[in-house]
Every structure is written in C-alpha cells, then in structure tokens.
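Everything below concerns the one structure shown next.
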Amino acid sequence: MAEEAALAELPDSDIVLNNLGYSQLSVGRYDLALPLLRQAVAANAANPQAHMNLGLTFFGLSRYSDAISSWETAIGLQPELAATLEDLVQEARSRLGQ
C-alpha cells in the first residue's frame, strides 16, 4: 500500500497517519484506526481532519463522550466542520442521554 510506504518514509507525518487511520475507519477497523489517528493528533494537534476522524472512530467504538470532545476540537480548529458534524454530535449526545 502506498500510504504504508509513505509512513515508513515519514513516520511523524500527521497527514499520512490521518490517511491511514481514515482508510481503516472506512472499512470498520476501529481497532486499527484508533492508534493511527491518535498518533496523527499527537503529531499535529492543529489538524482538524485528524480530530474529526478520531471522533468518528470513537463514535464507532461507542465512546460517545470522546467522540464529542474530538469533534468539538475539530470544529474549534475549522468552524466550517460544524455543519458536517452537527447531526453526529446530536446523535452522540442522544446516546449519552444528554
């Protein structure tokens, strides 16, 4: 896989880590997506896409509070994401009973 080769060359790249995490997320492998996306956020805490994808992973793992927190960070970094994430944030809150 080209992204894995890129990761070997750029192991601290938040973009590569985010892309690899998203590819795992998109096939429902939350267990594999989670560490990659955590690494992406650690490599660059100002990457709103990594926070958004980390939130999606937490949501898939039924970790709704963590999902909301990640999405709020993503929205804080890129306010335009609010419209994209609004329904998911509401769904996570409803699953928490808020």
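The values are calculated or read from the model by the stated rules, or taken from the named source; none is laboratory data. As the structure is a computational prediction, the values presented were derived from the model and not from experiment. Cβ placement follows ideal geometry from the backbone for every residue including glycine, while neighbour counts extend to all protein chains displayed. When the accessible area is computed, the model is the full protein with side chains, heavy atoms only, and any ligands, DNA or RNA have been set aside. Shrake-Rupley method; radii C 1.70, N 1.55, O 1.52, S 1.80 Å.
Per-residue HN-Hα couplings for the range 40-52, Karplus 6.51 cos²θ - 1.76 cosθ + 1.60 at θ = phi - 60°, whole Hz, x for Gly and Pro?
4, 5, 5, 6, 8, 5, 9, 8, x, 5, 5, 5, 4
In terms of solvent-accessible area of protein heavy atoms at a 1.4 angstrom probe, what is the ranking of Thr57, Thr73, Thr84, highest value first?
Descending order: Thr84, Thr73, Thr57.
Given an 8 Å cut-off on Cα distances and at least 6 residues of separation, report the relative contact order of the chain as a percent. Please list the in-between numbers first.
Working: 122 pairs, mean separation 19.7, N = 98.
That works out to 20 percent.
At most 15 other Cβ atoms within 10 Å and a DSSP loop assignment: could you name the GluC sites (Glu not before Pro) in the range 8-97 that fit?
Sites meeting the loop and neighbour criteria: Glu80.
With 5 Å bins from zero, work out the P(r) of the chain over every alpha carbon pair and list the percent per bin.
3, 16, 24, 24, 19, 9, 4, 2, 0
If each of Leu32 and Ser69 carries a label point 7 Å out from its Cα toward its Cβ, how far apart are those two points in nm?
Calculated label separation equals 2.7 nm.
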